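Scroll down for the structure; my scribbles are underneath it.
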Amino acid sequence: MHASRLNATLACLCENLVFDVMSDNSTNNKRIAKNTLLLYFRMFFIMIVSFYTSRIVLQTLGVDDFGIYNVVGGIIIMLGFINTSMSNTIQRFLSFAIEQNNLNKLNSVFSVSMQMQIYVSLIIILLGETIGLWFFYHQINIPSNRVNAAFWVYQLSIVQTVVLILSVPYNALIIAYERMSAFAYISIFEVIAKLLIVYLLLMLNFDKLILYAILMFIIQLFIRLIYTFYCNNYFKHIKFKWTRNQNLQKEIFCFAGWNTLGTCSEIVQSQGLNIILNLFFGPAVNAARGVAMQLQGVVRNFSINFLLAINPQIIKSYASNNIDYMKQLIFSSSRLAFILFYIVSLPVFILADKLLALWLVQVPEYSVVFVRIILCVTIVSIIFDPLKIAINATGKVKYVQLLTSILLLSTLMVSYIVLENNAKAYYVFYVQLIISFLILLVYIYYLQIIVGISSYSFVKEVLFRLFLIVLLTFPLPVIMNEILPDSFSKYIVILLTSLSVTMIVSFILGLSETEKLYVKNKIRMIIGK
């Protein structure tokens, strides 16, 4: 718990650091600081409950049903790829309108976006009940006695996806206005509701898989209604009206089209790997991947919460043509997001087997190696997340999306060939890791071509620093894990050593001189108090 507080404090300090070093707007800084604290409170609350609920759900459903839920739910996630793409697109256009203080355009963007989401919902239903249903019955490896239960999970997933799609403009509005506190408050209800799900799963005498899917849908529906109510209450100047603004529709549609290609490729890669693993190894390996993805998601929240507040500022800095500020935001956020994730993920990587054994009573085969490789894949993607936002801000995404999509989809072909040659299940994630490195290089190249920020500067100021941090911090805890006798105190020592060494080295190598001075002054102020 002390380590968690330490990381939350560091994360908050990092976020304030980015804005205080590079901006004189004290009101904005206070809002960012408040949002950061609320987001990290939300994260820890969710993290603690998620570890408990995931364990009980896995125990209650069993490995096969847990794997079925992951793979069947994954089918509809593939069909809902447009959802993620539209979220990024709508946020980009809303942020531009807010920065330009254009209320008419803001209302137009929101209304046009809502109309487009209605059309998308109809497409998802059509695809889900035709192509998706055919794929469900003819391609997915499901035990014959669980097909009926899996069918209802699939149908509930379709309805849940439609609910999420229709709520995208509201969530994008909250992010564009940087009202991150809404996510923190509403998450308290969400976490309590998930605790209730665990209780009902244990108490009710009903098919556990179907019951779990029903309860998860009810929670998501209620959460979406709360977010919609929040926006209607706090953004009263923004109203949805059915409109025919063809120029704006074309502009949003063209940007969303290319962005959808990239997002579609990401989702198809992720869920395609899940399906390939199912075809070769069955639901048990899907369960192992599901466990790994849940643990990865919890750890990734350390950087996601940080980037959530930074992203609108990157877009707005480009909208105001402040490229120098934009460059500083990109470089600092890439480094600091990496550091936040690495500080938490390093002990998880080293002690993955012990953590999973402590977390889960029954650890699915391959879970440990899946966790370790997926953490490596994630840490690469974290570095290029700010670059992706910067390129999206320009609207010039055609060639970037084409190239990254080809790379992402090639993961499936290469993985299938690898498994056809009797490779182990975890080899598909090695393939994904190599592809992630190639995508990072693509974003670095186009950062210079499209945004005008030097690739050499990014490699020197970001990548080289991060490489040194890993090189100097990784060996010590690994060696300690090998030579120290197995005991509870050993794991505490490794955890504390990993955290302290990583934080010290990150401070020395990961921060610029201005950032170091800021941190030192903040520490002096805290000590002085």
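Going by the alpha-carbon gyration tensor, a ≥ b ≥ c the square roots of its eigenvalues, is segment 147-300 rounded (a/c under 1.5) or, if a/c is not under 1.5, prolate (a/b greater than b/c) versus oblate?
Values: a/c = 2.02, a/b = 1.35, b/c = 1.50.
Judged from the Cα gyration tensor, segment 147-300 comes out oblate (a/c at least 1.5, b/c at or above a/b).
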For segment 173-182, just list the computed ³J(HN,Hα) in residue order, Karplus coefficients 6.51, -1.76 and 1.60, θ = phi - 60°, integers in Hz, with x standing in for Gly and Pro. 5, 4, 5, 4, 8, 6, 8, 5, 4, 4
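Quick check: with the 1.4 Å probe, what order do Glu420, Glu178 take by accessible area, largest first? Please report the intermediate quantities before stating the final value.
Details: Glu420 105, Glu178 5 Å².
Heavy-atom accessible area, descending, gives Glu420, Glu178.
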In terms of Cα to Cα distance under 24 Å, which lysines are near enough to Lys316, apart from those fewer than 8 places away along the same chain? Lys30, Lys34, Lys105, Lys236, Lys239, Lys250, Lys327, Lys388, Lys396, Lys398
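Calculate, for Phe206 and Leu279, the FRET efficiency according to 1/(1 + (r/R0)^6) with r their C-beta to C-beta distance and R0 45 Å; round to the nearest 0.05.
On the way: r = 30 Å, r/R0 = 0.67.
Given R0 = 45 Å and the Cβ-Cβ separation, E is 0.90.
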Show me, for segment 461-466, the HN-Hα J-couplings you get by feeding each phi into the Karplus relation (A = 6.51, B = -1.76, C = 1.60, θ = phi - 60°), rounded to Hz, glycine and proline as x. 7, 10, 4, 5, 4, 5
Expressed in square angstrom to the nearest 10, the accessible area of Val414 with a 1.4 Å probe stands at 60 Å²
Lys354, Lys250, ranked by accessible area, largest first (probe 1.4 Å): Lys250, Lys354
Report the accessible area of Val291, computed with a 1.4 Å probe over the heavy atoms of all protein chains in place, in Å² rounded to the nearest 10. 0 Å²
For the pair Ser381 and Met480, what calculated FRET efficiency results from E = 1/(1 + (r/R0)^6), where r is the Cβ-Cβ distance and R0 = 25 Å, to the nearest 0.05? 0.30
Probe radius 1.4 Å, ligands and nucleic acids left out: which of Trp359, Trp134 has the largest accessible area, and how do the rest follow? Trp134, Trp359
Karplus-derived HN-Hα couplings along segment 236-252 (A = 6.51, B = -1.76, C = 1.60, θ = phi - 60°), whole Hz, x at Gly and Pro: 5, 6, 10, 10, 7, 9, 5, 10, 10, 9, 5, 5, 5, 4, 5, 4, 5
Ignoring ligands, DNA and RNA, what percent of the 1.4 Å accessible area of segment 81-206 is carbon and sulfur? 64 percent
For Cys376 the rounded accessible area (nearest 10 Å², probe 1.4 Å, non-protein molecules ignored) is 50 Å²
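The values are calculated or read from the model by the stated rules, or taken from the named source; none is laboratory data. What you are looking at is a predicted structure, and each value in this text was computed from that prediction instead of being measured. When we count neighbours, we look across all protein chains shown, and the Cβ atoms used for this are built from the backbone with ideal geometry, even at glycine. When the accessible area is computed, the model is the full protein with side chains, heavy atoms only, and any ligands, DNA or RNA have been set aside. Shrake-Rupley method; radii C 1.70, N 1.55, O 1.52, S 1.80 Å.
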